[in-house]
Amino acid sequence: MSVATISHNHYINYSIDAIKDEARHLIEKGTVSRQQPIYTLCEYIPAREWVCIEYQLERCEYLLRDSIGDLVADETWEND
């Protein structure tokens with residue numbers, strides 16, 4: 001095995017917005033539902049990419065057991 005065969009995917013930065021967009025896309029296609037846990041998304045994302053996505057989710061304080069609906073919710077909070 002040469003060094004050239006090693007994947008450089010771990011350098012890709014996944015934004016939380018990109019992850020949310022992908023989840024919305026899967027919901028719109030009917031592939032997943034809002035009630036399923038976030039870890040369900042790993043079935044539709046390559047394993048080598050999932051590691052980076054899981055890291056980003058943790059950084060943004062999402063738990064893998066949270067629902068996909070919590071991830072894609074577009075809530076705006078305003079102070080009274």
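Among the residues of region 35-59, those that are at pLDDT below 95 and part of a loop (DSSP other than H, G, I, E, B) comprise Ile45, Pro46. List pairs: first residue in region 32-50 and within 12 Å of Gly69 (Cα to Cα), second residue part of a strand (DSSP E or B) anywhere in the structure, Cβ distance under 7 angstrom, at least six positions apart or on different chains. Within 7 Å, the pairs are Arg34/Ser67; Gln35/Ser67; Gln36/Ser67; Pro37/Ser67. A Cβ distance below 7 Å, combined with a sequence gap of six or more or placement on separate chains, defines the contacts here; from region 56-80, residues that are of a type in the set (S, T, N, Q) reach residues that are modelled with pLDDT of 95 or more and part of a strand (DSSP E or B) in the pairs Ser67/Pro37.
The values are calculated or read from the model by the stated rules, or taken from the named source; none is laboratory data. For clarity, every value in this text was computed on a predicted model and none was experimentally measured. Glycine gets a Cβ as well: all are built from the backbone with ideal geometry, and neighbour counts include every protein chain shown.
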